[in-house]
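What follows is a short report on a single structure.
The values are calculated or read from the model by the stated rules, or taken from the named source; none is laboratory data. Computed from a predicted structure; not experimentally measured. Here the Cβ positions follow ideal geometry from the backbone for every residue, glycine too, while neighbour counts run over all protein chains shown. Note: accessible area is taken over every heavy atom of the protein model, side chains too, but ligands, DNA and RNA are not part of it. Shrake-Rupley method; radii C 1.70, N 1.55, O 1.52, S 1.80 Å.
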Amino acid sequence: MTSFKSPGRHGYAVEVSPFVASTVACASSQYYGIAGCGTLLVLEQREADVSLVRSFDWSNGLFDVTWSENNEHVLVTAGGDGSLQIWDTANPQGLLQVLKGHTQEVYSVDWSQTQGENLVVSGSWDHTAKVWDPERCQLVSSLQGHEGVIYSTIWSPYIPACFASASGDGTLRVWDVKAGSCRLAIPAHRAEALSCDWCKYDQNVLVTGAVDCSLRVWDLRNIRNPLAQMVGHSYAIRRVKFCPFYKTVLASCSYDFTVRFWDYSKNQPLLETLEHHSEFVCGLDFNLHIPNQVVDCSWDETVKVFTPSCLAAQ
């Protein structure tokens with residue numbers, strides 16, 4: 001395991017570059033995101049450690065980050081002032097553009113992955129999801145329907161112009177951007193849903209994680225009951241991620257300071273629990289280039305890169 005320490009910056013989200021296996025971005029905030037500024041950290045993992053390549057400050061907290069899918073130097077972050085920031089890591093100034101439209105904190109951003117599509121989706125405390133054209137720096141659409149904070153917005157890796165969202169109203173929603181409407185609303189949890197993610201192997205399968213400490217796997221063809229439910233965390237689940245290398249394996253991180261790995265196809269789905277942080281674990285990502293490598297970040301001011309033993313053995 002390698003680690004990077006960012007004094008005074010509490011990690012909210014991490015994402016590995018889709019272009020460069022060793023490059024990781026982390027969205028962080030001062031004072032746990034309650035006050036102060038935010039910093040985008042661009043890190044490089046080497047054999048022995050993780051080092052800072054570049055950092056860019058913003059006047060408000062940063063709560064999420066996503067890499068461009070068509071330019072290895074460009075990223076988008078989600079700001080506590082209701083704006084999205086577009087950054088160019090090859091530019092010493094960093095900031096390319098600011099996208100304004102949300103009226104409260106932006107808590108999630110994601111860059112579309114389907115071929116021929118170049119869109120960013122954001123979710124906010126203002127209960128709206130907004131879709132942006134990052135090249136023209138224009139708002140494409142604003143989608144309403146959630147009755148609570150939107151904590152997570154994730155594009156489908158298969159279906160064009162389709163994304164999912166998880167909200168404080170407990171629902172998982174699937175949206176059609178072209179129609180400008182919600183295709184499906186699933187009452188996923190009787191508590192705030194803080195995260196969702198799409199399965200990389202089945203376009204109909206998603207997972208949600210919530211304040212009720214459970215993960216639930218959903219098949220969009222039959223939403224009456226979850227495909228699977230996993231319990232084990234002792235506090236809210238902040239982020240869930242499907243593994244890109246195994247169809248039924250996923251990871252979760254929590255306010256209980258742990259990262260857990262699961263296989264929802266097994267009778268005993270919990271594969272491993274890692275307790276290497278001393279504060280809330282908020283950010284989590286799999287490295288697409290290096291099988292089974294995981295990156296996480298925490299309010300304990302560290303970013304960690306590791307391979308869980310349950311996957312290393314596969």
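Listing for the model above:
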read-out: Any hit, segment 174-189, residues being under 23 Å from S122 (Cα atoms), open to solvent by less than 60 Å² (accessible area, probe 1.4 Å) and free of Cβ contacts under 8 Å to residues at least 24 places away in the same chain; value: yes
read-out: Residue count, segment 34-45 (criterion: within 15 Å of G80 (Cβ to Cβ), part of a strand (DSSP E or B) and of a type in the set (A, V, I, L, M)); value: 1
read-out: Which listed residue, of T103, T114, is open to solvent by 40 Å² or more (accessible area, probe 1.4 Å), in a loop (DSSP other than H, G, I, E, B) and among the polar types (S, T, N, Q); value: T103
read-out: Checklist (1) in contact (Cβ under 8 Å) with a residue 60 or more places away in the chain; (2) closer than 18 Å to S3 by Cα; (3) touching an Asp or Glu at 6+ places or on another chain (Cβ under 9 Å) applied to S309, failing item; value: (1)
read-out: Strands (runs of 3 or more DSSP E) lying entirely in segment 202-314 (those with 2 or more residues that are open to solvent by less than 20 Å² (accessible area, probe 1.4 Å) and touching a helix residue (DSSP H, G or I) at 6+ places or on another chain (Cβ under 7 Å)); value: none
read-out: Subset of segment 153-167 that is outside any loop (DSSP other than H, G, I, E, B) and open to solvent by less than 10 Å² (accessible area, probe 1.4 Å) - its residue that is farthest from T208 (Cα to Cα); value: C162
read-out: Selected residue (criterion: farthest from S122 (Cα to Cα)) from residues of segment 74-94 that are touching a strand residue (DSSP E or B) at 6+ places or on another chain (Cβ under 6 Å) and open to solvent by 20 Å² or more (accessible area, probe 1.4 Å); value: T89
read-out: Cross-chain or 6+ apart pairs with Cβ under 7 Å, segment 200-215 first and closer than 11 Å to S234 by Cα, then of a type outside the set (K, R) and open to solvent by 50 Å² or more (accessible area, probe 1.4 Å); value: V211/E192; C213/V231; C213/S234; C213/Y235; S214/Q229; S214/V231
read-out: Among the candidates A48, A21, A27, residue that is closer than 18 Å to L284 by Cβ and outside any strand (DSSP E or B); value: A21
read-out: Which listed residue, of F4, F63, is of a type in the set (F, W, Y), within 17 Å of the chain's Cα centre (by Cα) and part of a strand (DSSP E or B); value: F63
read-out: Segment 56-73 - residue that is hydroxyl-bearing (S, T, Y) and open to solvent by less than 60 Å² (accessible area, probe 1.4 Å) and, of those, nearest to W299 (Cα to Cα); value: T66
read-out: Pairs where the first residue, in segment 257-281, is touching a residue at least 40 places away in the same chain (Cβ under 8 Å) and under 30 Å from S29 (Cα atoms) and the second is surrounded by fewer than 21 Cβ atoms within 10 Å (Cβ to Cβ) and among the polar types (S, T, N, Q), C-beta under 7 Å, 6+ apart; value: F257/S278; T273/T258; V281/T258
